[in-house]
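Step one of this worksheet: look at the structure below.
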Amino acid sequence: MRLLMAVLAAAMLLVSPADATQQRPDPAGALLAAYDSHAIVAKSSPDVGPFVFDLVRDPRFPARVNDVVVECGNARLQPLLDAYIAGSAVDGISRVWRDTTQPSCGFSTFYEQLFALIRQVNTTLPASRKIRVLAADPPVDWSRVQSPADLEPFLDRDASIASVVKTQVLQRNRKALMLFGVGHLTHDGGSAAVARLEREYPGIAYVVADHRGFTSDNARLEQRLGQWPALVPMKGSWLGSLETGYFPLNREYPPGTRGYPGVDAYLYEGPADLLLREPLSARAVLDTEYMAELRRRAAAIDAPPDSIEWPETFFERERNSGVLLRG
């Protein structure tokens, strides 16, 4: 009888919830641990899954992160964004992401939801822990843009990003999560924002790229990645020894280059064939005044008829792309 009880007790320990939790990957914990040695975690966005929203909801997040720095946010409208994130009733908060230099930001549901989520999380936090959202796109005033020359001073987006992070985060000894297209974030990006910052603050950032599919042998390599979500470091892992050509990069590297250049970790949120594209904001699409303003902007900067500065071209591209990332 005693032997049977001992066996049953051992079996219960093997399947106990506490033990099961310990065995599951904790990508949020792994990302937050990077703040032990870095002031910045820079992650590609918009997210291909729910990771960022779950991260912001994580009770460990406010204890490690002071600021969230975003690509889709006009730096000129920082006071409006500050008021909204602090919980004030404000009019026209959508201008923050609609009035950037990037027309696609105006149709983003990711940033619209992210801002609202952080605003809500802040209602549960003491003043010392409240999260600030920093808009890092150049401070263009579209009402003053009547020609291509008027937009010219606002085209160096990486300079604006680097300036915001330097003055609002690093010089204040704060810690930030940066959410941008990965081209702005790599250590070896030359004029990219993180590379610029690291010339003055070496090793300040920990860079995370999202998995969006390997360029070849995808099924086998995804199987090797295993269960998801998971955050896999490049250094010392099989991903770091993988030929660079397996990653979908926008530039060529010398033969023999390994891993994902300029990136520290790889976030796997599931097979690429199951990842959904970010849906367009119906609120923006149905706003006739905003559509008219986008057409005015496109005409003012002499945008070619087939460029995505024109909403009709942007919509056609999105319509043909399907709902999946690989659609």
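The values are calculated or read from the model by the stated rules, or taken from the named source; none is laboratory data. Predicted model only: the values in this text are computed from it and were never measured. Here Cβ is always computed from backbone atoms with ideal geometry, including for glycine, and neighbour counts include all displayed protein chains.
Out of the residues in segment 123-181 that are assigned to a helix (DSSP H, G or I) and of a type in the set (Phe, Trp, Tyr), state the one that is farthest from Asp99 (Cα to Cα). Spell out how you get there, then give the answer.
Our first condition is that a residue be assigned to a helix (DSSP H, G or I); within segment 123-181, this holds for 127-129, 142-144, 148-154, 157-168, 170-172.
Filter once more, keeping what is of a type in the set (Phe, Trp, Tyr): 142, 154.
On the way: Trp142: 7, Phe154: 12 Å.
Among residues in segment 123-181 that are assigned to a helix (DSSP H, G or I) and of a type in the set (Phe, Trp, Tyr), the one farthest from Asp99 (Cα to Cα) is Phe154.
Among the candidates Ala33, Ala116, Ala86, single out the residue that is touching a residue at least 40 places away in the same chain (Cβ under 8 Å) and hydrophobic (A, V, I, L, M, F, W, C). Full working, then the answer.
Working: Ala33 fails: touching a residue at least 40 places away in the same chain (Cβ under 8 Å); Ala116 fails: touching a residue at least 40 places away in the same chain (Cβ under 8 Å).
None of the others qualify; the one that does is Ala86.
Anything in segment 233-289 that is surrounded by 13 or more Cβ atoms within 10 Å (Cβ to Cβ), of a type in the set (Gly, Ala, Ser) and over 20 Å from the mean Cα position of the chain (by Cα)? List them, or say none.
Across segment 233-289, the qualifying residues are Ser237, Gly240, Gly245, Gly259, Ala284.
As an exercise: evaluate Ala83 against (1) at pLDDT 95 or above; (2) surrounded by 13 or more Cβ atoms within 10 Å (Cβ to Cβ); (3) under 20 Å from the mean Cα position of the chain (by Cα) and give the number of the one condition it does not meet.
So the condition that Ala83 fails would be (3).
Any idea how many residues of segment 126-170 are acidic (Asp, Glu) and free of Cβ contacts under 8 Å to residues at least 24 places away in the same chain?
Residues flagged as acidic (Asp, Glu) and free of Cβ contacts under 8 Å to residues at least 24 places away in the same chain within segment 126-170 amount to 2.
For segment 237-247, check the following and say yes or no: at least one residue is in contact (Cβ under 8 Å) with a residue 60 or more places away in the chain and not β-branched (Val, Ile, Thr). Before you say what the answer is, go through the steps one by one.
To start, the set of residues in segment 237-247 that are in contact (Cβ under 8 Å) with a residue 60 or more places away in the chain comprises none.
Scanning segment 237-247 turns up no residue that is in contact (Cβ under 8 Å) with a residue 60 or more places away in the chain and not β-branched (Val, Ile, Thr).
Can you name every one of the helices (runs of 4 or more DSSP H) wholly within segment 212-327 that holds 3 or more residues which are modelled with pLDDT of 95 or more and among the aliphatic types (A, V, I, L, M)?
Numbers: elements: 218-225, 238-241, 282-285, 288-300, 311-321.
Filter on segment 212-327 gives 288-300.
As an exercise: evaluate Gly203 against (1) more than 21 Å from Cys72 (Cα to Cα); (2) assigned to a helix (DSSP H, G or I) and give the number of the one condition it does not meet.
For Gly203, the exception is condition (2).
This table checks each residue for (1) under 23 Å from Arg60 (Cβ atoms); (2) surrounded by 15 or more Cβ atoms within 10 Å (Cβ to Cβ); (3) of a type in the set (A, V, I, L, M, F, W, C); (4) more than 17 Å from the chain's Cα centre (by Cα).
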{"residue": "Pro153", "(1), (2), (3), (4)": "no, no, no, yes"}
{"residue": "Met178", "(1), (2), (3), (4)": "yes, yes, yes, no"}
{"residue": "Val182", "(1), (2), (3), (4)": "no, yes, yes, no"}
{"residue": "Leu185", "(1), (2), (3), (4)": "yes, yes, yes, no"}
{"residue": "Val194", "(1), (2), (3), (4)": "no, yes, yes, no"}
{"residue": "Leu197", "(1), (2), (3), (4)": "no, yes, yes, yes"}
{"residue": "Val208", "(1), (2), (3), (4)": "yes, yes, yes, no"}
{"residue": "Arg212", "(1), (2), (3), (4)": "no, yes, no, no"}
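Only one residue in Val48, Val69, Val56, Val65 is closer than 30 Å to Leu325 by Cβ, in contact with a Lys or Arg (Cβ under 6 Å, 6 or more places away or on another chain), aliphatic (A, V, I, L, M) and buried (at least 17 other Cβ atoms within 10 Å of the Cβ), so which one is that? It would help to see each step written out before you state the result.
Details: Val48 fails: in contact with a Lys or Arg (Cβ under 6 Å, 6 or more places away or on another chain); Val69 fails: in contact with a Lys or Arg (Cβ under 6 Å, 6 or more places away or on another chain); Val56 fails: in contact with a Lys or Arg (Cβ under 6 Å, 6 or more places away or on another chain).
Just a single option satisfies the conditions, and that option is Val65.
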